[in-house]
Structure formats: C-alpha cells, structure tokens
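Take a look at the structure set out below.
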Amino acid sequence: MANTADIDPDDIVEGKRKKSGKGGLIIGLVLMLGFGGGGFFATFSGMIALPFGGGDGAHAAASAPQKVADMAPTAFVPLDEIVISLGRGARAKHLVLAAELEVEPAMAEEVATLRPRVLDVLNTYLRALDERDIEDPAAMTRLRAQMLRRIQVVTGEGRVRDLLITRFVLQ
C-alpha cells in the first residue's frame with residue numbers, strides 16, 4: 001500500500017487519486033495533428049475535391065498547357081536595353097533590364113512608335129527604386145506589374161497585353 005505521507009489530501013477525491021489531465025491533452029493533440037495532416041494530404045493530392053470550387057474540372061483546365069494553335073495571335077515589340085545606375089550605398093552599381101511588349105498584331109506598329117515614351121516611363125520608375133526594392137525575392141512580380149501598368153497608361157488601354165522581361169541583372 002502507498003505511504004499516506006506522500007499523498008496530498010487535495011489530490012484525493014472520494015478515496016481515489018485525482019488523475020492529471022496531461023495524458024488526455026497529449027492524445028488530443030496527436031489526434032488533431034494526425035487528422036489535420038491526413039486531411040491536408042487528401043486535399044492536396046486530389047483525393048478529395050474542395051467544396052468551394054477548384055475541383056477536377058477547374059484544376060484540369062487551369063493546369064492544362066495551352067496549345068500554340070489555340071492561343072490568340074500576338075506580336076512582340078522589343079524594347080531597348082535599359083541600364084540604370086543605383087545609389088552610392090548600393091552593393092550593385094547598375095541594373096540592366098531588357099524586355100519585350102506583348103501586343104495585338106494590329107497594334108504592333110502603333111506601340112512601336114510609342115517606344116520612346118515607354119522607355120522614359122520605365123527609366124523614371126526604375127530610377128526611383130532602392131536596391132532593397134529590387135533584391136527581394138518577390139520583387140520581380142511586383143516590379144513587373146508596376147511597369148506593365150505604367151506602360152498601359154502611356155500606350156493606352158488594351159494595346160499592351162503583357163511585359164516580358166528577358167534580362168534583369170544587377171551588376
């Protein structure tokens with residue numbers, strides 16, 4: 001029998017020793033992690049379709065590569081290479097950018113005549129950036145969207161579909 005001197009009277013409830021709630025907490029935590037991980041795997045692997053869209057039809061259509069024959073006709077207007085000097089405190093001294101504009105074939109010549117204005121707006125925008133704005137891993141997407149929006153303002157809505165960056169180098 002247990003030594004009664006070792007037992008705290010507060011731990012005794014109706015002649016039985018009070019159990020600690022830590023065992024149930026640990027089992028609950030393990031079960032929660034197991035079911036959560038299993039649910040994530042089942043959804044991520046496609047075994048379960050999501051109830052709010054993104055099922056097989058939408059996912060298959062989004063992930064299927066588009067055939068070249070199915071794509072709308074496009075033309076590309078190349079831009080001259082832009083070299084921007086960065087500030088004095090920057091580790092890299094220059095930013096080199098080469099890009100092309102994706103346009104409607106009927107608008108290619110018209111957009112090509114606006115090339116000096118496009119280069120001007122890109123130079124102005126890129127000169128205003130700090131080196132830390134460029135070095136961020138997510139910066140390319142943000143910079144590309146900002147440059148495309150400025151180009152669309154200069155060329156007019158609906159003329160330029162996309163900005164394709166062919167060279168982006170910090171030297």
Could you size up the charge dipole of region 70-170 around its Cα centre, putting +1 on the beta carbon of Lys and Arg and -1 on that of Asp and Glu, and report it in debye to the nearest 20? 480 debye
Along region 35-44, Karplus-curve 3J(HN,Hα) (6.51, -1.76, 1.60; θ = phi - 60°) to the nearest Hz, with x for Gly and Pro, reads 5, x, x, x, x, 4, 4, 5, 6, 5
I need the phi-derived Karplus couplings for region 89-97: 6.51 cos²θ - 1.76 cosθ + 1.60, θ = phi - 60°, integer Hz, Gly and Pro marked x. x, 6, 5, 8, 8, 9, 10, 10, 10
Can you compute 3J(HN,Hα) from phi for each residue in region 157-171, using the Karplus curve 6.51 cos²θ - 1.76 cosθ + 1.60 with θ = phi - 60°, rounded to whole Hz and x for Gly and Pro? 5, x, 8, 10, 7, 7, 10, 9, 8, 9, 8, 9, 10, 9, 10
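Every read-out reported here was derived from the displayed coordinates using simple, explicitly stated rules and does not represent laboratory data. Because the structure is predicted, anything quoted here is derived from the model rather than measured. Here Cβ is always computed from backbone atoms with ideal geometry, including for glycine, and neighbour counts include all displayed protein chains.
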